[in-house]
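Participant: Below is one structure. I have some questions about it.
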Amino acid sequence: MDKMLQRLVDQGVMPESFGEYIENALENKDSFIISGHKGWGILPLMAGVSAAAKSKFSIKQVKKEEDLSDSADYYIIGDLKIDDFEKLVVDSISKPETATITIKDPEHAYSIMKVLKAFYKATDDSSKTFQVLECAKINDEKKLVKITTMTFDESGKLSKKDLNA
């Protein structure tokens, strides 16, 4: 397992099975939406997933819309203070042959379902897989509690599969 993912396992943020699952999803170039409050560990988890992606792929830190014109395997959209964060996420995941790693928290309060539906409406692309990593605070400990895999079929129907800790 990638050393950054292993560190999160060792810190008790997630079970080893989640680390292996995330590593396999990175190998498949899945996109990631890391969801929860900042105090629940979403930023360290995003940093770990991004570092694991960087060890195998080209990445581009996205700070503004124009950054999406640079080629990369993974676009990383972090804690940005921009007006239309949701549009930036939709535009990023809609780029062909690329994947995205981003966050969803109260400061970036967009609808994951709306973003994914806008992506499919714009692209008709059923080849991409999205991993939603849900963080929570349990007994004052930051935890990755659930991974939801989301995919579209050829007719545009979204399916979800949960993996719980």
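The values are calculated or read from the model by the stated rules, or taken from the named source; none is laboratory data. Just so we're clear, the structure is a prediction, and the values are computed from it rather than from any experiment. Please note: Cβ atoms are built from the backbone with ideal geometry, for glycine as well, and neighbour counts cover all protein chains shown. The protein model used for the area step is the full one, side chains on, heavy atoms only, and it has no ligands, DNA or RNA in it. Shrake-Rupley method; radii C 1.70, N 1.55, O 1.52, S 1.80 Å.
For (1) more than 18 Å from Phe119 (Cα to Cα); (2) touching a residue at least 24 places away in the same chain (Cβ under 8 Å), each residue gets a yes or a no:
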{"position": "Met46", "(1), (2)": "yes, yes"}
{"position": "Ala51", "(1), (2)": "yes, yes"}
{"position": "Ile77", "(1), (2)": "no, yes"}
{"position": "Asp84", "(1), (2)": "no, no"}
{"position": "Leu88", "(1), (2)": "no, yes"}
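Participant: Next question. From the residues in the range 36-54 that are in contact with a helix residue (DSSP H, G or I) (Cβ under 8 Å, 6 or more places away or on another chain) and not in a helix (DSSP H, G or I), which one is most open to solvent (accessible area, probe 1.4 Å)?
Facilitator: That would be His37.
Participant: Here's a follow-up. In the range 55-75, which residue that is in a helix (DSSP H, G or I) and in contact (Cβ under 8 Å) with a residue 12 or more places away in the chain is surrounded by the fewest Cβ atoms within 10 Å (Cβ to Cβ)?
Facilitator: Here the answer is Glu65.
Participant: I've got another one for you. Could you tell me whether Lys137 is in a strand (DSSP E or B), loosely packed, with under 11 Cβ neighbours inside 10 Å, in contact with a strand residue (DSSP E or B) (Cβ under 8 Å, 6 or more places away or on another chain) and not polar (S, T, N, Q)?
Facilitator: no
Participant: In the set Ile33, Ile22, which member is open to solvent by less than 70 Å² (accessible area, probe 1.4 Å), in a strand (DSSP E or B) and either closer than 18 Å to Leu163 by Cβ or modelled with pLDDT of 95 or more (or both)?
Facilitator: Among Ile33, Ile22, only Ile33 is open to solvent by less than 70 Å² (accessible area, probe 1.4 Å), in a strand (DSSP E or B) and either closer than 18 Å to Leu163 by Cβ or modelled with pLDDT of 95 or more (or both).
Participant: Of everything in the range 121-134, what is buried (at least 18 other Cβ atoms within 10 Å of the Cβ) and either of a type in the set (A, V, I, L, M) or part of a helix (DSSP H, G or I) (or both)? Give them in sequence order.
Facilitator: Val132, Leu133 - these are the residues of the range 121-134 that are buried (at least 18 other Cβ atoms within 10 Å of the Cβ) and either of a type in the set (A, V, I, L, M) or part of a helix (DSSP H, G or I) (or both).
Participant: Scan the range 87-120 residue by residue and report those that are among the acidic types (Asp, Glu) and surrounded by 14 or more Cβ atoms within 10 Å (Cβ to Cβ).
Facilitator: Asp91, Asp105
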